[in-house]
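To start, the structure itself, in structure tokens.
We did not get these values from a lab; they are worked out from the coordinates using the rules stated. If you're wondering where the values come from, they're calculated on a predicted model, not measured in any experiment. Glycine also receives a Cβ, built like all others from the backbone with ideal geometry; neighbour counts cover every protein chain displayed.
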């Protein structure tokens with residue numbers, strides 16, 4: 001008797017399942033199974049009708065519960081602030097072994113790390129905010145490296161950038177705060193770690209979007225405070241800069257050309273006291289007393305980069321070349337700088353087995369540019385140097401990159417400042 005009761009119970013459960021899942025199995029299949037059970041005498045037609053009736057009464061409440069839950073989820077999504085739903089985090093960790101050797105007797109091997117963490121969000125369709133933090137042994141603007149030393153002491157974290165960007169139209173944007181360079185250039189004049197303080201505006205205009213040579217023209221202007229009340233007259237040192245340029249695609253994107261012509265007008269640098277410049281490198285010309293900068297820096301700098309999708313249609317390897325020049329229009333004698341280079345492989349290495357090889361040669365005369373800002377690894381930073389650099393990047397896996405960087409440089413004004421640097425990095429991006 002117990003076995004019969006248990007069997008009947010299981011059959012009723014099965015019938016319920018068949019009826020409830022009629023949206024999965026066809027109605028014909030469900031009905032055929034039920035008829036077979038009735039024919040076998042396992043269940044009666046009345047019991048089947050009773051189960052169907054109970055399930056039909058339960059279904060509306062189930063549907064209502066689902067609808068209520070979906071409605072709550074939709075309302076929760078609506079109540080979530082837009083800036084929170086648009087919040088994005090990114091960062092990277094770089095582990096480095098660096099070897100430095102120069103003619104001044106330095107023969108040093110050291111280990112360093114760089115950690116950066118940043119976030120962006122949109123307050124609405126027109127306003128974007130961004131901020132980030134980075135390591136650094138000091139607050140120097142040209143390096144976020146932290147040397148591993150001093151008995152395992154805790155490492156510094158600095159505010160790397162914090163900005164607001166307002167874009168009322170697709171062709172117009174304004175940025176204020178501390179942010180990446182708004183100009184197109186290499187790191188010959190501006191180290192890649194530098195974040196500009198101040199304000200910038202950019203206009204863009206597109207031409208021939210549906211033609212063979214779609215082109216985007218742009219105009220960027222900016223005001224950037226550098227030092228407060230630095231001169232003997234109490235004048236502030238600041239930079240006003242303007243860049244015009246273009247980006248053009250050729251042959252359905254097979255080739256790309258990007259250009260920029262920039263005028264950097266550093267105001268009130270001539271006569272400014274070097275003692276108040278935390279990052280002055282000692283390579284610019286000083287006054288007779290050696291206490292202040294001798295010249296202003298009004299620099300015109302054209303930059304060009306050309307890239308191709310493959311090597312003359314023979315080898316499926318992207319490549320390109322670059323050129324940058326700078327001339328200071330003040331009265332300085334050593335007033336020119338230039339760089340040329342080429343690369344093979346991906347413009348940016350991101351995925352597994354991506355690779356890039358870059359070679360470039362640079363020459364920076366002493367007063368071609370304010371020596372606070374050029375590449376911090378090029379002959380000990382500053383100007384008054386020449387030399388070449390080789391970089392090889394390889395994607396070990398997605399978002400993990402091996403990078404090898406070699407500098408071979410020398411001073412233009414002295415034979416005792418030759419320097420070689422080898423940097424071996426593993427970079428983890430997220």
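Quick check: residue separation of residue 70 and residue 279 times 0.36 nm, minus the Cα distance between them. What number comes out in nm?
Here the answer is 69.4 nm.
Which of the peptides 403-409, 310-316 is most tightly packed, and how do the rest follow, judged by the mean count of other Cβ atoms within 10 Å per residue?
The densest-packed peptide leads the list: 403-409, 310-316.
Can you give the translational diffusion coefficient of segment 82-429 in µm²/s, computed by Stokes-Einstein from the Kirkwood radius over Cα pairs at 20 °C and 1.002 mPa s?
Numbers: Rh = 21.9 Å.
Calculated translational D: 98 µm²/s.
With labels modelled as points extended 7 Å from the Cα through the Cβ direction, what inter-label distance (nm, one decimal) is found for residue 39 paired with residue 209?
Here the modelled spin labels are 6.8 nm apart.
How big is the gap, in Å, between the Cα center of segment 180-237 and the Cα center of segment 350-383?
Measuring centre to centre over Cα atoms gives 19 Å.
Using Cα pairs under 8 angstrom and six or more residues apart, how large is the relative contact order of the chain, in percent? Don't jump to the answer; show the numbers that get you there.
Numbers: 999 pairs, mean separation 45.4, N = 430.
Answer for the chain is 11 percent.
Quick check on segment 277-344: what are the equivalent-ellipsoid semi-axes from the Cα gyration tensor, as sqrt(5λ), descending, whole Å? Present the calculation step by step, with values, prior to reporting the outcome.
On the way: eigenvalues 311, 31, 12 Å².
For segment 277-344, the semi-axes come out at 39, 12, 8 Å.
Please check which bits of segment 165-181 a label hung off residue 123 would reach, taking the label as a point 7 Å along Cα-to-C-beta and the cut-off as backbone N under 14 Å.
165-168, 174-177
Using Cβ counts within 10 Å as a stand-in for footprinting exposure, how do 205, 327 rank, fewest first?
So the residues, fewest neighbours to most, are 205, 327.
Can you give me the distance in nm between label points at residue 331 and residue 110, each placed 7 Å from the Cα along the Cα-to-Cβ direction?
4.0 nm
If R0 is 25 Å, what FRET efficiency do you get for residue 138 and residue 228 from their C-beta distance, rounded to 0.05?
Details: r = 20 Å, r/R0 = 0.79.
Using R0 = 25 Å, I get an efficiency of 0.80.
Along Cα→Cβ, 7 Å out, is where each label goes; now give me the distance between the ones at residue 291 and residue 251 in nm to one decimal.
Label at residue 291, label at residue 251, 6.2 nm between them.
Can you compute the helix-only [θ] at 222 nm over the chain? Use -39500 (n - 2.57) per DSSP H run of at least 4 residues, normalise by all residues, nearest 500 deg cm²/dmol. Present the calculation step by step, with values, prior to reporting the outcome.
Values: 4 runs with 71 residues, N = 430.
My calculation for the chain gives -5500 deg cm²/dmol from helical runs alone.
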